[in-house]
Amino acid sequence: MKQLLIDIKRRRPLSVDLRGGRAIIIPIKKVFQAVFIISITAFFAFGTVTAPPRAAQEQTATQQRAALESQLADLENQITQYEGQIGQYQKQGTSLQSEINKLNAQISKLNLQIKAVNLTLGNLNSQISDTKTQIVKTQNDIDTNKQNLSQTLQMLYENDQQNLIEVLIANPKLSDFVGDMNNLMSVQDNVRMTIQQIAQDKSNLLDQKEALGLQREDAVALKAYQDSQKNSILKTQSKKSTLLKVTKGKEAEYQKILTETKKTAAQIRQQIYQLLGGGELTFGQAYKLAKQAQDETGVRAALVLAVLDRESALGKNVGKCNYQTAMHPTRDIPIFLALVSSLGLNNSLQSGNLKVSCANSDGAYGGAMGPAQFIPSTWNLYKDRIAQATGDNPPSPWNNLDAFTATALYLKDAGAGAGATLAQEKMAAAKYYAGARWRNYLATYGARVISAAQNFQDDIDILNG
């Protein structure tokens with residue numbers, strides 16, 4: 001293929017050869033055949049890539065998706081009810097019975113979350129299968145178009161070896177000559193269209209491979225979360241049994257345990273808070289940053305802290321890779337390089353000290369930056385609002401205040417502003433983690449963030465009490 005393109009680039013200019021010699025006749029029949037073949041090939045290639053699914057298949061897929069979303073919505077409503085109960089029991093939290101009730105509600109909620117994960121995994125498996133089929137089909141389209149293009153380029157090259165006098169002698173009528181030229185131009189147009197189609201097919205293939213990578217990443221994370229929830233159920237049941245055994249139903253014994261385990265404000269301030277993307281702060285420092293973000297956006301500080309907390313990322317890889325191997329080449333790399341330059345971090349980049357999140361092995365791009373883990377294209381959308389809020393212009397993804405503010409702004413846009421319910425906060429957290437795939441993470445990442453936020457809120461209440 002490469003050699004054929006080189007041959008075309010080396011086309012000899014038309015020249016008048018008066019030395020005579022044998023005239024070579026243009027194979028007009030082959031030209032017409034080529035026009036027909038390329039036209040048909042282009043028709044099927046375009047039709048294969050762009051043809052919409054059949055109405056019946058589309059309707060079935062829509063119905064299945066609607067049924068799944070309905071089931072998930074029902075489970076989410078039940079989970080939300082249990083979360084409300086748990087919140088009430090936590091407020092009561094000074095009696096043994098309240099603690100037992102809270103543990104029972106947690107077990108019920110965990111079981112519902114596992115059901116939601118199983119439903120989502122079933123849907124993901126179907127999507128992964130469909131995406132694999134699309135990838136194979138697109139690769140076949142590319143191979144077919146390459147083969148047709150190679151044959152056509154060879155034909156054009158062979159015809160191009162004739163000089164102008166030979167063509168005129170072979171076609172004494174001007175109309176025949178013009179017709180032949182038009183036919184050749186038609187073939188060349190089809191060559192151009194086929195090259196464009198190959199380029200489009202390759203772009204589609206990259207998109208499909210990234211989609212597959214994201215789907216597999218989701219499935220792996222969901223399965224890991226499913227296992228962790230099962231372990232959480234066992235631990236919660238064990239905690240309940242131990243509590244009942246130690247107290248033996250005596251309220252006074254529970255009050256003693258509660259007093260011994262309650263954290264002090266001093267302990268909370270000094271505990272280490274780990275950030276996504278590396279680094280650590282004391283909890284007091286982290287809360288101060290989160291409170292500034294809350295004052296600016298209305299998103300509660302506990303939710304900001306929970307989203308930024310390393311343990312809430314479901315094991316997502318952060319801050320270990322070079323941008324060249326991790327980022328989307330056209331969507332993110334140009335923006336990233338411009339950002340690094342504007343921040344004066346070129347030396348850090350060249351020395352290899354500026355790391356971003358890694359791509360996964362299935363083709364899903366990484367490239368998320370700093371504590372907030374924004375990819376460059378998303379950071380670019382928020383940079384002016386971050387600068388307005390913090391006064392840093394340009395803002396930096398690696399600056400803690402800018403990162404905390406960016407997280408709060410995104411969560412606010414996702415529906416977690418002032419006065420948001422736990423359900424709205426959970427949805428916003430899932431959107432923060434997975435974007436358009438947020439529904440897959442309501443009962444996993446979203447639930448874990450809300451749980452962490454509640455724990456952080458308890459600590460904040462002690463600090464402010």
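Checked against (1) touching an Asp or Glu at 6+ places or on another chain (Cβ under 6 Å); (2) farther than 22 Å from ALA221 by Cα, ILE375 passes all but condition (2). Regarding LEU243, is this residue under 26 Å from the mean Cα position of the chain (by Cα), at pLDDT 75 or above and aliphatic (A, V, I, L, M)? No, not satisfied.
Of all the residues that make up segment 382-409, how many are touching a strand residue (DSSP E or B) at 6+ places or on another chain (Cβ under 8 Å) and either among the hydroxyl-bearing types (Ser, Thr, Tyr) or part of a loop (DSSP other than H, G, I, E, B) (or both)? Qualifying residue count for the region: 3.
Out of ILE198, ILE165, ILE169, I need the residue that is of a type in the set (Val, Ile, Thr), at negative phi and at pLDDT 70 or above. Which one?
It is ILE198.
In segment 328-345, the condition of being charged (D, E, K, R), surrounded by fewer than 20 Cβ atoms within 10 Å (Cβ to Cβ), modelled with pLDDT under 95 and touching a Ser or Thr at 6+ places or on another chain (Cβ under 7 Å) is met by at least one residue.
For TYR441, the stated conditions do not hold, so it cannot be described as out of contact with any Ser or Thr (no Cβ under 8 Å at 6 or more places or on another chain), under 14 Å from ALA293 (Cβ atoms) and either among the aromatic types (Phe, Trp, Tyr) or not in a helix (DSSP H, G or I) (or both).
Taking the criterion of being of a type in the set (Gly, Ala, Ser), within 23 Å of ALA453 (Cβ to Cβ) and in contact with an Asp or Glu (Cβ under 8 Å, 6 or more places away or on another chain), would at least one residue in segment 382-394 satisfy it? Yes, segment 382-394 has at least one match. Candidates are the residues of segment 348-377 that are assigned to a loop (DSSP other than H, G, I, E, B) and of a type in the set (A, V, I, L, M, F, W, C); the one that is farthest from GLY435 (Cα to Cα) is LEU354.
The values are calculated or read from the model by the stated rules, or taken from the named source; none is laboratory data. None of the values given here were measured: they were computed from a predicted structure. Positions of Cβ are generated from backbone atoms using ideal geometry, with glycine treated the same way; all protein chains shown enter the neighbour counts.
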